[in-house]
Amino acid sequence: MFDLPDNEILPLSKEHVFWTWSAQAKVNPIAVKRAKGVYFWDVDDKRYLDFNSMTMCVNMGHGDARIIKAMQEQAAELPYAAPGMTTRIRALASRAVASVTPHKALSKVLFTLGGADANENAIKLARGFTKRHKILARYRSYHGATAGAMAVTGDPRRVAWEPNLMTGVAHFLDPYRYRSTFHRTNPNISEAEFAQDYVNHLEEIILYEGPESIAAILMESVTGTNGIIIPPDGYMQGVRTLCDKYGILMIADEVMSGFGRTGRWFAIEHWNVLPDMITMAKGLTSAYAPLGAVAMKPEIAAAFDDHAFESGLTYTSHPISLAAAVANIQAMREDQVVERAAGMGAVLRRMLSDLGEAHPSVGEARSIGLFGILELVKDRKTKEPLAPWNGTSPEMIALRKYCLDHGLFLYTHWHTVLIIPPLIITERELKEGFEVLDEALKITDRTFDG
């Protein structure tokens, strides 16, 4: 049934597959055959070091036998149950997710199919709970490709689908220190003042939009593909204060930053802030099966005690996906992967700093846990990016090609290079990838004007 020669995988795929985020005639994917640990192999047996956890999701690495076995056993026992039913694995998975939320305080869990519909359902819950309509989100956010999630997305992926998106959304600016709109003439402002300026900016938007109309503020705890923007201390606390002041729910999108990526179960924990809801996916199962979730405070769930939550999914709480989640969380605990990611975060930070010092095209390097980025520039003084907003450049294309040619798989976005490896990566394996990246950056250094 599944027999297909390796050399036919790519041509057959090109014949029949419709590709997302792509111009169809320009697609030339890697034909992947197998994967293990932090590596994967193509059909020609070329090995790649996975510096992007595939799609920022394979947190536990490839081929973990414990997760695979749990899925196999669940498939043999009960592969599906209707959404209105419950199962042993649904009970266990709900408890497992609730147990890793901050202070175990988000004790009610709605399972979805992925990150986009987790955010969609969080919006529905917020609107139903508050009886308000508007959602505030940031311009550098990405929250998913469905209509509601795309509406709250701030980056250019939203623009292509306007005006046929969910209404009632307003955007505000990220606390992006390297390219701060507010601090071009006073870059040496203290972290506390910087954070307060962006909290003040948010409050101004709240007042303009009318706080009595705002249901929730939805934010990536650490902005993901649009910059790995790490909020300064005081910012998240300030957002929480504003939410409490105006009766607005705080939703932390942890689809990418959750499950150990930043060295905590959830990134929001770095600032000791408890949101009203957390959305999650990706690392929830380490992508061994599709699954998303909304973890919420019990009082939000209680708002629907006497009337129905008018939403649902055929595959909500799919047993095989839930088995993957439970096994994934257990494996992370057994191997102390979250603590390990925190420790390896210091190694990654040092390596990024070393690259920054060695290569003039690196404008800034940032990281938190195993969530890192290099911003590449033409001039360090002007900070002119090496590729334009929502675009690329020959230099960025050449850098990525060099990496792929030399067996390093990573993600480049506009003028940035993201380093988001599986959380099981070792220092030796990180060094292996950085040696390739060190050579690749010589390409971008040639354009440096500063």
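Overall size of segment 14-65 from C-alpha positions, given as principal axis extents largest first: 35, 24, 19 Å. Given R0 = 22 Å, the distance between the Cβ atoms of Ala81 and Asp305 translates into a calculated FRET efficiency of 0.40. Other residues with beta-carbon under 14 Å from the beta-carbon of Ser221 carry, at +1 per Lys or Arg and -1 per Asp or Glu, a net charge of -1.
Given the peptides 161-174, 140-153, arrange them by the average over their residues of other C-beta atoms within 10 Å, most packed first.
140-153, 161-174
Using the rule -39500 (n - 2.57) for each DSSP H run of four or more residues, divided by the residues of the chain, the 222 nm mean residue ellipticity is -12000 deg cm²/dmol. Only alpha carbons enter this Debye calculation for segment 66-334, each as an equal point scatterer, and the log10 of I(q)/I(0) it gives at q = 0.08, 0.13, 0.15 Å⁻¹ is -0.32, -0.83, -1.08. Working note: Cα gyration tensor of segment 78-117, eigenvalues times five, square-rooted, sorted largest first, giving semi-axes of 20, 14, 8 Å.
Rounded to whole Å, the principal axis extents of the Cα atoms in segment 339-403 read 38, 26, 21, largest first.
Neighbour counting of Cβ atoms within 10 Å sorts the residues Ile425, Ile9, fewest neighbours leading, into Ile9, Ile425. When Met396, Met85 are arranged by Cβ crowding within 10 Å, least crowded first, meaning fewest neighbours, the order is Met85, Met396. Among the chymotrypsin sites (Phe, Trp or Tyr not before Pro) within segment 355-450, those in coil by DSSP and having at most 13 neighbouring Cβ atoms inside 10 Å are Trp389.
For segment 49-136, what is one quarter of the convex hull surface built on the Cα atoms, given in nm²? Write down the numbers at each step before the final one.
Working: hull surface 34.1 nm².
About 8.5 nm², averaged over all directions.
Going by neighbour counts of Cβ atoms within 10 Å, the residues His103, His406 line up, fewest first, as His103, His406.
Taking the alpha carbon gyration tensor of segment 165-216, multiplying each eigenvalue by 5 and rooting it gives semi-axes of 26, 12, 8 Å, largest first. Note that segment 243-368 carries a Kirkwood radius of 17.1 Å, evaluated over its alpha carbons pair by pair. In the distance distribution for the chain, Cα-Cα pairs more than 32 Å apart total 39 percent. Test of the criteria: in segment 1-71, which chymotrypsin sites (Phe, Trp or Tyr not before Pro) are in a DSSP loop and have at most 15 other Cβ atoms within 10 angstrom of their Cβ? Sparse-neighbourhood loop chymotrypsin sites (Phe, Trp or Tyr not before Pro): Phe2, Phe18, Trp19, Trp21.
Across the alpha-carbon atoms of segment 323-448, the computed radius of gyration and Dmax are 15.8, 51 angstrom. Quick test of the membrane-span-like rule: which DSSP H helices of the chain reach at least 30 Å along their long axis (C-alpha atoms) with mean Kyte hydropathy at least -0.5? Long hydrophobic helices here: 337-358. Projected onto their three principal axes, the Cα atoms of segment 180-330 cover extents of 54, 37, 23 Å, largest first. For segment 92-180, dividing the convex hull volume of the Cα atoms by the residue count gives 130 Å³ per residue. May I ask what percent, to the nearest 5, of DSSP beta bridges between residues of the chain are antiparallel? DSSP beta bridges in the chain are roughly 65 percent antiparallel. For segment 1-157, the fraction of C-alpha pairs farther apart than 21 angstrom is 68 percent.
Each value in this text was obtained by applying a stated rule to the coordinates, not by laboratory testing. Note that the structure is predicted; figures quoted are calculated from it, not measured. Methodologically, a virtual Cβ is constructed for each residue, glycine included, from the backbone with ideal geometry; neighbour enumeration extends over all protein chains shown.
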